[in-house]
Amino acid sequence: MATSKRITLQQAAEIIKDGSSLTFSGFTIWRRPFAVVYELIRQRRKGLHLIEVNGGPQTEFLVGAGCVDIWESCWVGHELYGKYGANLSRKVGNKEMIVEDYSHAEMMFRFAAGAAGAPYAVTQTSLGTDIHNPDYDMLGKAGKRDGNRIPQHKYVFTEDPFYGAGSQVLVPAAKVDIAVMCVQQVGEEGTVRVNGQYYSDPEAARAADITIVMAEEIVPEEYLRRNADQNTIPSFEVDYILECPFGAHPTGMFGRHDVDGAFLKDFYGRTRTQDGFDDFAREWIHGHDHMSYLEKLGWSRMLGLKANTALNYSPRTGKGGK
Amino acid sequence: MNDYALPEEYGLADLLCCAAAREVQDNEVVFAGTGLPMVAIMLAQETHAPNLKLIFEAGTLDGRPPEIPTSVGDARCEMGASRASGLYDAFSIAQRGCVDLGFLGGAEVDVYGNVNTTVIGDYLNPELRLTGSGGNPDINSFARRTVFIMVHEKRRFVENVSYITSPGWLVKQWPGGDFVHRRELYGSAYRGGPSAVISTAGVFRFDEASGRMYLDTCHPGKTPTEIKEMCQFDLDISRVQGDTAPPTRAELRLIHEVLDPDEIFIPKVKKG
């Protein structure tokens, strides 16, 4: 076996530099690599460029902490537990960061192009909307379109040259420095097994130059290779691995634990202002490490979230976050 | 069969849920977002549309969840599904033209069914930044029909939305931004568009040729004139068919005893 891919939480965060472009595994409030997100906030990372198929609490925490300069995506919020991204909304209103809007399918297809090594994807979605308004090309307005990591255009319109199907929109491949994944299992050599919906994880891992996988458990590689058809990401696409139980909290993980709705509700309610965010970060992030964070949450809360192994979710969780 | 509930037996959310469920036809492929639409689709599945196929945006295909998921990424989506995969599948299937109906929401809607979920006020100097598009424009671009469920306030039913997040019947042609019928823009990908808006006041439909919204039914207790007053644009009330059918008692039992007993999306009406 080659050199170990194992790193610590601190090292994972250190791989992500000021100004790095970054994407994550998961979907809205599910399987987000929160332990790494918290560590980035503790290390006071600056100038991050998030490129996400969809955003969620991880976006809100990083944005609230002032780590993010650019966000390219389509959605941010906490689903049932907070109807919009209050921190992002505040920072956009104050012009403290750049937001580039695409549609959800456009973001997905941008990652698929990035993962396939293609320069762009073609789609018919969102024609006629303000997503394609040339005045709303925010990275272009800011003079950031260098044609290197940030594409020369937000999108390009063309006509179908093959079948005469009419207007098409070309969207640029997502080029991302680092993908941070949060999954159920990873092998010693990096093979990933995601249980449940894999969302846009395979494309995110493949599109990024460096892929860090934080898993609920590191398992013997041989165990995963016995049923290779059940694996999600091949070993060589993963550069670093780390084990971090409950690293997704407060987001959920299929088969392991539910979303902590009460935690997200509390965050959403308390962080409408910068003072509120800073207060929340002092309570839950700064001065903590992952273990002291879990101790603060406590056994009874964690056991309430623990998934039933037959159902893959927790039948005990108050879904409304009550 | 017509055991319609009396006004005091149901709430507005019940009425919306049942009106939404009635938009579903059996055997259709339906794209579900989070919230009340999910309850509506599952209600249709339990009543007149047992063979509908449910797609969750996060990647569950033909899902039959035994209890209501809190979001489309939820582990509850996968139970009983034909396949659990990812967003690339879900959006490719939609772009391929496999989706009959999608349920969506919005903060603002205009007379042509253009919907805004991105920003209140000027995009470049926003009063309030909202969640953003999510899959709203994608489902609205790809599905044959879409149904919007919205809170009805005069400030939300506007002549022109602040930002077109999701395409209605008359949309903007770039780079100029002139309004054209969506048929002209979507070419062979044109399959339809918004077929109904179910608001807290009534049910609205669209004239496909002109692309303009008209009032179809009024929720019990509302009059066409009242509803016209609740829109900033000149609402066509010449085609009203009467009142929106109330929920049946059987539908209410399904909603509150089977689908959403914990009142996550639909509150129970308090007795007495």
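Within the range A:134-142, the presence of a residue that is part of a loop (DSSP other than H, G, I, E, B), at the interface with another protein chain (Cβ under 9 Å from one of its Cβ atoms) and either farther than 15 Å from A:ILE51 by Cα or modelled with pLDDT of 95 or more (or both) is excluded.
So is B:GLY134 within 23 Å of B:SER92 (Cβ to Cβ), touching a Phe, Trp or Tyr at 6+ places or on another chain (Cβ under 7 Å) and modelled with pLDDT of 95 or more or not? For B:GLY134, the condition - within 23 Å of B:SER92 (Cβ to Cβ), touching a Phe, Trp or Tyr at 6+ places or on another chain (Cβ under 7 Å) and modelled with pLDDT of 95 or more - is met. Of all residues in the range A:238-255, those satisfying the criterion of being farther than 20 Å from A:LEU311 by Cα and not in a loop (DSSP other than H, G, I, E, B) are A:TYR240, A:ILE241, A:LEU242, A:GLU243. Among the residues of the range B:67-102, those that are among the small types (Gly, Ala, Ser) and under 20 Å from the mean Cα position of the chain (by Cα) comprise B:SER71, B:GLY73, B:ALA90, B:ALA94, B:GLY97, B:GLY102.
Looking across the range B:162-178, the residues that are surrounded by fewer than 24 Cβ atoms within 10 Å (Cβ to Cβ) and assigned to a loop (DSSP other than H, G, I, E, B) come down to B:SER162, B:TRP174, B:PRO175, B:GLY176, B:GLY177.
Residues in the range A:74-100 that are more than 7 Å from chain B (Cβ to nearest Cβ), buried (at least 24 other Cβ atoms within 10 Å of the Cβ) and hydrophobic (A, V, I, L, M, F, W, C): 2 in all. Restricting attention to the range B:68-102, the residues that are charged (D, E, K, R), more than 8 Å from chain A (Cβ to nearest Cβ), free of Cβ contacts under 8 Å to residues at least 40 places away in the same chain and part of a loop (DSSP other than H, G, I, E, B) add up to 1.
Applying the criterion of being of a type in the set (S, T, N, Q) and facing another protein chain (nearest Cβ under 9 Å) to the residues of the range B:127-161, the residue that is surrounded by the fewest Cβ atoms within 10 Å (Cβ to Cβ) is B:THR131.
Checking A:GLY66, A:GLY56, A:GLY77 one by one, the residue that is within 17 Å of A:ASP18 (Cβ to Cβ) and at pLDDT 95 or above is A:GLY66 and no other. As for the range A:264-271, it holds no residue that is facing another protein chain (nearest Cβ under 10 Å) and either among the basic types (Lys, Arg) or in contact with a Phe, Trp or Tyr (Cβ under 9 Å, 6 or more places away or on another chain) (or both). Looking at B:GLY33, B:GLY105, B:GLY63, just one residue is surrounded by 23 or more Cβ atoms within 10 Å (Cβ to Cβ), within 20 Å of the chain's Cα centre (by Cα) and within 12 Å of chain A (Cβ to nearest Cβ), and that residue is B:GLY63.
Within the group A:SER103, A:SER126, which residue is closer than 24 Å to A:SER25 by Cα, within 12 Å of another protein chain (Cβ to nearest Cβ), of a type in the set (Gly, Ala, Ser) and touching a Ser or Thr at 6+ places or on another chain (Cβ under 7 Å)? Selected residue: A:SER103, the only one of A:SER103, A:SER126 that is closer than 24 Å to A:SER25 by Cα, within 12 Å of another protein chain (Cβ to nearest Cβ), of a type in the set (Gly, Ala, Ser) and touching a Ser or Thr at 6+ places or on another chain (Cβ under 7 Å).
The values are calculated or read from the model by the stated rules, or taken from the named source; none is laboratory data. Not measured: the values here are computed from a predicted model. Counting neighbours? That spans all protein chains shown, and the Cβs are built from the backbone with ideal geometry, glycine included.
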